[in-house]
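First the structure, in the form of structure tokens, and then the observations on it.
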Amino acid sequence: MMQTVSEWFFWERLWLPGDLSWSDLEDTEGRIYAKASQLYAALPCALCMLLVRFVFERFLATPLADVWGIRDKIRPTVERNPLLENYFCDQARVPSQADVTALCKKTSWSERRIQAWFRRRRNQERPGLRKRFCEASWRCAFYFFAFVYGVLALYDKPWFYNLKEVWAGFPKQSMLPSQYWYYILEMGFYISLLLSLSFDVKRKDFKEQVIHHTATLTLLSFSWVSNYIRIGTVVMALHDCADILLEGAKVFNYAKWRKTANTMFVVFTVLFVGTRVIIFPLWIIHCTWVYPLERFPPFFGYYFFNVMLVVLQMLHIYWAVLILRMFFKCIFSTLEGDDRSDEDEEDSDSQKERNHKPSHKNGPEARGRATGH
């Protein structure tokens, strides 16, 4: 049965254009082609990424947070109440008005006291500032390394300057060692992001992040098997360049370097819109949608790959709206956090007190993983 499924899944008409077969992509005369089995290396790479991330955050990011005086906000502790704790864990983190009234009768507490307890309990589960700083530092370091590696792997390739060269000789394009390691590192990183979503800082666009990481891994896997490696490496480099500034802006904002963070966020906004809202659809998708038809008839893989790129582009537009909203707040008013972040709730019993609290945030606070990946 497994053999039948494998034969159907790797049917040449799904993955290759024209009359080509897998036998045409066997290693010969020093030419090495990409194979699906090579992608298994991404899983141990992801586990290594998690280990490297732990070491990085423990021995580099945490001491840097100490040097910059980054401290977690002191949060009031909640009173011990097994009834409310069971409700919080088993039913809902935010009780309805009817449930608050019922809990008041069961606990003999006032409604205000019940609501304050739930606010404090929710705040206890939110990540602290140091955790956010360490996470942003790790991502910034990885994107910087990945982008530099991508530029070094692409700068002397003709398809980096002329996208029509992406399809020259396709699909009989031999794989380069630099392309192999670029793919494995990027796939390992995104697998590690999926594995760590449960304990990473949770954003309001959690579902969009899962869709983005899954779509990215699907695109990378398909492009590898179908030998879309050239365009795949260009797409990865295009995405990584903006993410460096995004995560860097977070790092400096947590360190209260407001002007530096705001400047980086402004540059990031321009770069994000330029690369993902303009260059990505008008150059990259055009390259994968139009140029292949000049060389071979469309096949299933052609449609599948382009549909996945369109899904990615829709996510780009969604995040671009959020980023531009924060950008205008940063330029014309006071930015009070990230539209995607799950921020602490003010532990105050009156709206008046909340309104008179001084804002402690100004700049690209978390601004979240606006890419991507």
Could you tell me which numbered condition Arg31 fails, if it satisfies all but one of (1) free of Cβ contacts under 8 Å to residues at least 40 places away in the same chain; (2) surrounded by 11 or more Cβ atoms within 10 Å (Cβ to Cβ)?
-> (1)
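Every residue, every condition in (1) of a type in the set (Gly, Ala, Ser); (2) more than 28 Å from the chain's Cα centre (by Cα); (3) on the phi < 0 side of the Ramachandran plot, yes or no:
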residue: Ser21; (1), (2), (3): yes, yes, yes
residue: Glu26; (1), (2), (3): no, yes, yes
residue: Arg31; (1), (2), (3): no, yes, yes
residue: Ala34; (1), (2), (3): yes, no, yes
residue: Arg53; (1), (2), (3): no, no, yes
residue: Glu57; (1), (2), (3): no, no, yes
residue: Val67; (1), (2), (3): no, no, yes
residue: Pro76; (1), (2), (3): no, yes, yes
Provide a single number: the residues in the range 58-102 that are more than 14 Å from Arg113 (Cβ to Cβ), in contact with a helix residue (DSSP H, G or I) (Cβ under 9 Å, 6 or more places away or on another chain) and not in a helix (DSSP H, G or I).
-> 11
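Say whether the condition of being within 28 Å of Leu220 (Cβ to Cβ), surrounded by 11 or more Cβ atoms within 10 Å (Cβ to Cβ) and either in contact (Cβ under 8 Å) with a residue 60 or more places away in the chain or aromatic (Phe, Trp, Tyr) (or both) is met by at least one residue in the range 58-72.
Restricting attention to the range 58-72, the residues satisfying the condition of being within 28 Å of Leu220 (Cβ to Cβ) are 60-61.
When the remaining residues are screened for being surrounded by 11 or more Cβ atoms within 10 Å (Cβ to Cβ), the result is 60-61.
With either in contact (Cβ under 8 Å) with a residue 60 or more places away in the chain or aromatic (Phe, Trp, Tyr) (or both) added as a condition, the list becomes 60-61.
The answer is yes; a qualifying residue exists.
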Report, by residue number, each residue of the range 199-233 that is more than 14 Å from the chain's Cα centre (by Cα) and part of a loop (DSSP other than H, G, I, E, B).
-> Phe199, Ser226, Asn227, Tyr228
Within the range 116-153, the residues that are in a helix (DSSP H, G or I), surrounded by fewer than 19 Cβ atoms within 10 Å (Cβ to Cβ) and free of Cβ contacts under 8 Å to residues at least 40 places away in the same chain are Phe145, Val148, Tyr149, Leu152
Residue within the range 324-332 that is aliphatic (A, V, I, L, M), assigned by TED's automatic domain parsing to the domain that holds Phe265, loosely packed, with under 12 Cβ neighbours inside 10 Å and modelled with pLDDT of 90 or more present | no
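Checking the condition in a helix (DSSP H, G or I), free of Cβ contacts under 8 Å to residues at least 12 places away in the same chain and farther than 17 Å from Gly69 by Cα, which residue from Thr275, Thr263 passes? If you could, list the steps in order and put the result at the bottom.
Working: Thr275 fails: free of Cβ contacts under 8 Å to residues at least 12 places away in the same chain.
From the options Thr275, Thr263, the qualifying one is Thr263.
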Please determine, by comparing only the residues of the range 65-121 that are acidic (Asp, Glu) and under 30 Å from Val251 (Cα atoms), which one is modelled with the lowest pLDDT.
-> Asp72
Read through the list (1) crowded, with 22+ Cβ neighbours inside 10 Å; (2) under 25 Å from Ile323 (Cβ atoms), then give the number of the only condition that Arg230 fails.
-> (2)
Kindly indicate whether any position in the range 219-227 is farther than 19 Å from Ser37 by Cα and crowded, with 20+ Cβ neighbours inside 10 Å.
-> no
The lone exception for Ser108 - which of (1) outside the structural domain of Val234 (by TED's automatic domain parsing); (2) of a type outside the set (A, V, I, L, M); (3) touching a residue at least 12 places away in the same chain (Cβ under 8 Å) it fails = (3)
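The values are calculated or read from the model by the stated rules, or taken from the named source; none is laboratory data. Everything numeric here is computed off the predicted structure, so don't read it as measured data. In this analysis, Cβ positions are derived from the backbone assuming ideal geometry, glycine residues included, and neighbour counts consider all displayed protein chains.
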